[in-house]
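Just so it is clear, none of the values below were taken in a lab; they were calculated from the coordinates. Everything numeric in this text was worked out from a predicted model, so none of it was measured. Every residue, glycine among them, receives a Cβ derived from its backbone with ideal geometry; neighbour counts consider all protein chains shown.
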């Protein structure tokens, strides 16, 4: 007399055995899939209990033992886990080796030079021929009257869309209390150069125009 439950289990066992034998033989047919064959065999037939949280280990390495005769591989939960007679240890890194460097990307656009398009230190203001030092994109500087100067910058700079910053240099007692810059404000300079000039005025604490020792101008 057959018991239905036992008959059902027996059939599943036979199917499992046939499926496992078929997959193992098929995968072992070429050396390139020998490791895959062993892993499938592990999935089908391993009866050991391994903690999933320990594979791979904290170091990212997977540890295993393989049968020296059959090549069957089973995972270990630690590098010091006990192995069986006829087995040898092996391991591999979960992360593969670093790949080669990629090709160099295209060159980026030219920078803006730190956001400063023109600057200069203007000195010798009372002489009538101001000096220009430490300059970039500043072409000339002129004194038209006491405390009144005009600085010409490179024509490529559109002064209608920017501001200019001026500060005094030196430390004498007659230094200007305030400086003002007006891009394109040198109205007494003939066109078409008017838009490439910055008018600078220097006044003392009483509001009178004076000639300071010098000033620095920056056009961002």
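Points worth noting:
- Extension gain for residue 61 to residue 178 (0.36 nm times residue separation, less C-alpha to C-alpha distance): 35.0 nm.
- By the count of other C-beta atoms within 10 Å, a proxy for reagent exposure, 215, 144 are ordered fewest to most as 144, 215.
- Computed from the C-beta positions of residue 208 and residue 163 and an R0 of 35 Å, the FRET efficiency is 0.90 to the nearest 0.05.
- Percentage relative contact order, region 93-172, counting C-alpha pairs under 8 Å, at least six apart: 17
- Theoretical FRET efficiency, 1/(1+(r/R0)^6), r = Cβ-Cβ of residue 92 and residue 69, R0 22 Å, to 0.05: 0.55
- As a proxy for reagent exposure, 89, 143 were ordered by neighbouring Cβ count within 10 angstrom, fewest first; the result is 89, 143.
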